[in-house]
Amino acid sequence: MQKQGTWGGALALLCCAAAGAHNVQHLSQVPIGILQRWTDKHAVHTIPHQSPAHMGAFLLDIGWQSVALSSLLAVQHFNNRDGRFVPAFSSPEMRACDKNWTLTGLVDTQSSSLVATRHIVRWFDEHASHPHVIVGPARSSEAGAVATVASAQNVPVISYWATAPELSSSPRFPNFMRTIPCDRGSAFAVCSFWATEMHFSAGAVVYAHDAYGDGFKSVLRHLCVEKFGMRIQTFEVDGFTEDAVASPIAALVAVGMNVVHVIATGLEVVCVIEAAVAQGALRRHPTSLWTLTDGISAS
């Protein structure tokens, strides 16, 4: 949850203020659909002994559940121009805005691109009642799929968590926006820490094979090599089962890399760290240094 964006920014960004008006009498209602993430349909196959089930999927931790609830509160506060949590909602600019949001859909994508895409296709099939704005989804892999379909309907998509650099491509995703920076800045920070602060000449990257992991890995490797002259080795994890994670960690151990950055989220990080400890890649003596793009939690 370390890279969480803001709901307030998502709603405020999509509101156009009425020029010169500060006491709007007639508000137009804009249908909005929210793609949330409070379960993961793939996680039940990863660590079933830890998987509380919800509709056949893994129920994520309270942090993600809170995000889902906060989206409902954000819509209510925006419509009431209530600035208790987001001061911008009660600003003169927002009070001059001639729009309110009407929630036409709130769904759980189950952390799946396929599920997310099915939901928005169903929304668009409903014609007049479909959302005119989509907030979400969270993950980069879902966001790319949703933005592609939504662009055909000229519907804007704004994500609060998707950080893959490729999503910044306007020709590919002309209707996509986000309230959180892409991963280029984070990748630069990792390279700078390794090379400038720690004086390392080489590092390893263990990454999830998805839009987020692939994108972050590519940018990090490019920056570390081109800007800092480092040697970078990468290890792909394709599927977070015990067997799928064991192989790349074994390859990491075999080459003797002790400086490692993990590009994954939540449960995926848990699987990588458990495998690294079990195989002796993450240890106190001799020292190994591991950094993470996300926290270790059931998310």
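The values are calculated or read from the model by the stated rules, or taken from the named source; none is laboratory data. Since we're looking at a predicted model, the values are computed, not measured. Virtual Cβ from ideal backbone geometry, glycine too; neighbours counted across all protein chains shown. Only protein heavy atoms, including side chains, enter the accessible area calculation; ligands, DNA and RNA are left aside. Shrake-Rupley method; radii C 1.70, N 1.55, O 1.52, S 1.80 Å.
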Quiz prompt | Additional length obtainable on full extension of the chain from residue 242 to residue 254, 0.36 nm per residue less Cα span | solution = 2.5 nm
Exercise. Can you send over the carbon and sulfur percentage of the accessible area for the stretch 85-165, probe radius 1.4 Å, protein chains only?
Key: 56
Quiz item: Which log10 I(q)/I(0) values, to two decimals, does the stretch 147-296 give at q = 0.10, 0.11, 0.20 Å⁻¹ under the Debye formula with one point per Cα?
Solution: -0.38, -0.46, -1.20
Self-check item: Å² of accessible area per residue within the stretch 122-246, as computed with a 1.4 Å probe and no ligands counted
Solution: 44
Practice problem: Amide H neighbours of residue 60 under 5 Å, at least 5 residues apart or on other chains, H built in the peptide plane: list them. | Solution: 39, 40
Practice problem: Rounded to the nearest 0.05, what FRET efficiency do residue 231 and residue 274 give with R0 = 41 Å and r taken as the Cβ-Cβ distance? Could you check? | Solution: 0.90
